[in-house]
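Chemist: Mind having a look at this structure? Questions to follow.
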Amino acid sequence: MTDNVRTGFDAIVIGAGFGGICALHKLRNELGLTVRAFERGGGVGGTWYWNRYPGAMSDVDGHVYKYAFDKELLQQWDWSSRYVSQAENLAYMQAVVERHDLARDIQFDTVVESAVYDETDAMWTVTTSRGERFTARYLVSALGPHSSRNLPEIKELDRFEGTVVHTGSWPEGLSVEGKRVGVIGTGSTGTQFVCAAARTAAHLTVFQRTPQYVLPSGDRPVGTDEKAAIRAGYDRIWEQIHESRVACGFEESDIPAMSVSAQERERVFQESWDHGNGFHFMFATFGDITTDPEANQAAADFIRSKIREIVQDPETARKLTPTDLFAKRPICNEGYYESFNRDNVSLVSLRENPIVAATPTGVLTEDGVEHELDILVCATGFDAVVGSYKQIDIRGRGGVTLRERWKDGARSYLGISVAGFPNMFMVFGPLSSFSNLLPSIETQVEWITELVGTVERTGKSSIETTQAAEDEWVEACQLAAGETLFPKVQSWIFGNSADRRPKTIFYVKGLASFRAKLREEAARGLTGYSLQGTESPVPEPAPVTRP
């Protein structure tokens, strides 16, 4: 072997966000493997390292946007508000890495360019942007769902003399205070940015591509007594989360919306509106908001009425009001619609008045108006989940690339394994559970740890999913999605990003159902997998009960 090939690793982990940190900890500290992790950023954090834009924060309650495995840190960690800011999330991740001594096995500022499987040696060879090559038996990709950025197509954008920035790569130190700012996009990121930038920018022009249903977040300080109650109840909280669909820490409703009176529906919707949180409004009010058109219409009408009530200018309210189904990943923010009552905020509906070109001092819209800007912010989202895999040359059996394997749509078994790619595991890959990210990540990493542990205990050389198991899971995911209203709306949930993939990229039945599938697979003795190497019998893995 040449000098630039480094051997001796049991596992390689790509990424040092929530998924990569968890995988590194479990494989190294629990299984005792030698592990090397690679991270393209200069520090840990993944999404929370790169997304430093004003207003960036999690949109699920902060106390459940944590790892369950570090119980001691859960008792020690403090947080200021119901929702946790980018800086606080990053500090938490750094604390986990320090507590478990993980940084010594993470190589930063390194991009993985290729990963090739050698069938003879049952080894993966990983090549990095530094010209290094590393070999390992196991490859764990924790690339994150939001790391491949989409950029808008604007004619002559290179003529613009101001600053152009994507929210997913916000430069440290860039301030919008006192600046003329334009933002394209009003999804989760864009609406967060609008709420923050409206308070400090000299003027904010919001270029809206699609009107959104935006719920109040209900953000507020969390008091000492409330924190103490949360810490004392964490065992119960995690148990409830594992038995729920979206894993956000609240009781989900199973009551049909049309089974109660119109007055009762209004009361329930108002109560959730006052409580705050998008997932709460979609899943805690009634059990059929995402499946029954009439129930969905009732929820959508309620939000539309709130837009008309809040936004003072009728024409602006009209532009902000969605007309399609309430069937995307729910968005919540504090004061989004109220922002458009400010004198320094204006709205441009790109459906009615598209951008035709950039100018040296701003952008020109179809109505002939030049919008003068100092900063143009692209809150235009990501090629979610799948996009990051397109940036790495991953080759499995027979030299087949993952791009070839996924040319007709991303496929996997349980969002973790791909047929033809032995000993490769994805954390939150395509067709993972549609739910709160952290419990989903921990569930998958626990399962990956079980699979790797099985190979290690039996002396096998490799494990991979069978084609039959993958086919069945893909079909199950598509059928589950078809039972909902989600496919009826263009959304990144269905891969409707850069290349308009028409298929779901999630298992929409949620975490409890997903965990049940893992228990079924374990009880069957891993029949959805093929183990190769020695002829040792495969022991039944322990049931997956931890997050």
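Chemist: When you go through (1) surrounded by fewer than 23 Cβ atoms within 10 Å (Cβ to Cβ); (2) in contact with an Asp or Glu (Cβ under 9 Å, 6 or more places away or on another chain); (3) assigned to a helix (DSSP H, G or I) one by one for R52, which number turns out not to apply?
Modeler: (3)
Chemist: Would you mind stating whether E446 is of a type in the set (D, E), modelled with pLDDT of 95 or more and within 19 Å of the chain's Cα centre (by Cα)?
Modeler: Working: of a type in the set (D, E): yes; modelled with pLDDT of 95 or more: yes; within 19 Å of the chain's Cα centre (by Cα): yes.
In short, yes.
Chemist: Going residue by residue through region 125-140, is there one that turns out to be part of a loop (DSSP other than H, G, I, E, B) and either within 23 Å of the chain's Cα centre (by Cα) or of a type in the set (A, V, I, L, M, F, W, C) (or both)? Write out each step before concluding.
Modeler: Going residue by residue through region 125-140, those that are part of a loop (DSSP other than H, G, I, E, B) are 129-132.
If we keep only those that are either within 23 Å of the chain's Cα centre (by Cα) or of a type in the set (A, V, I, L, M, F, W, C) (or both) too, we end up with none.
Within region 125-140, not a single residue is part of a loop (DSSP other than H, G, I, E, B) and either within 23 Å of the chain's Cα centre (by Cα) or of a type in the set (A, V, I, L, M, F, W, C) (or both).
Chemist: Please list, ordered by first then second residue, the pairs with beta carbon atoms under 9 Å, 6 or more apart or interchain, first in region 6-34 and under 11 Å from F134 (Cα atoms), second part of a helix (DSSP H, G or I) and not acidic (D, E).
Modeler: Between residues of region 6-34 that are under 11 Å from F134 (Cα atoms) and residues that are part of a helix (DSSP H, G or I) and not acidic (D, E), the close pairs are D10/L27; D10/R28; D10/V452; A11/A23; A11/L24; A11/L27; A11/R28; A11/V452.
Chemist: So in region 141-169, with the set limited to residues that are in a loop (DSSP other than H, G, I, E, B) and in contact with a Pro (Cβ under 8 Å, 6 or more places away or on another chain), which one is surrounded by the most Cβ atoms within 10 Å (Cβ to Cβ)? Spell out the reasoning first.
Modeler: The initial filter retains those residues of region 141-169 that are in a loop (DSSP other than H, G, I, E, B), namely 142-148, 150-156, 160-162.
Remaining after also requiring in contact with a Pro (Cβ under 8 Å, 6 or more places away or on another chain): 160-161.
On the way: F160: 18, E161: 12.
Per the criteria, the residue is F160.
Chemist: Sticking with this one: Need the failing condition index for E72 against (1) on the phi > 0 side of the Ramachandran plot; (2) surrounded by fewer than 22 Cβ atoms within 10 Å (Cβ to Cβ), just the number.
Modeler: Going through the list (1) on the phi > 0 side of the Ramachandran plot; (2) surrounded by fewer than 22 Cβ atoms within 10 Å (Cβ to Cβ), E72 breaks only (1).
Chemist: Which of (1) assigned to a loop (DSSP other than H, G, I, E, B); (2) within 21 Å of the chain's Cα centre (by Cα) does S388 not meet, given it meets every other one?
Modeler: So S388 meets the others, but not (1).
Chemist: Continuing with this model, one more query. Please indicate, with yes or no, whether at least one residue in region 61-78 is closer than 17 Å to I448 by Cα and aliphatic (A, V, I, L, M). Reasoning before the result, please.
Modeler: So the first thing to find is which residues in region 61-78 are closer than 17 Å to I448 by Cα, and the list is 67-69.
Of the ones still in play, those that are also aliphatic (A, V, I, L, M) are 68.
Yes, there is a match, as at least one residue in region 61-78 is closer than 17 Å to I448 by Cα and aliphatic (A, V, I, L, M).
Chemist: Quick check: is even one residue across region 262-283 assigned to a helix (DSSP H, G or I), within 14 Å of L511 (Cβ to Cβ) and not charged (D, E, K, R)?
Modeler: So the first thing to find is which residues in region 262-283 are assigned to a helix (DSSP H, G or I), and the list is 262-275, 278-283.
Those still in the list that are within 14 Å of L511 (Cβ to Cβ) too: 279, 283.
Next, only the ones that are not charged (D, E, K, R) stay: 279, 283.
Taking every residue of region 262-283 in turn, at least one turns out to be assigned to a helix (DSSP H, G or I), within 14 Å of L511 (Cβ to Cβ) and not charged (D, E, K, R).
Chemist: Could you please tell me which pairs satisfy a Cβ distance under 6 Å, a separation of 6+ or placement on different chains, a first residue in region 463-477 that is closer than 17 Å to K509 by Cα, and a second residue that is hydrophobic (A, V, I, L, M, F, W, C) and crowded, with 16+ Cβ neighbours inside 10 Å?
Modeler: C477/L431
The values are calculated or read from the model by the stated rules, or taken from the named source; none is laboratory data. Fair warning: this is a prediction, and the values are worked out from it, not measured in the lab. Heads up, the Cβs are rebuilt from the backbone with ideal geometry, glycines too, and the neighbour counts pull from every protein chain shown.
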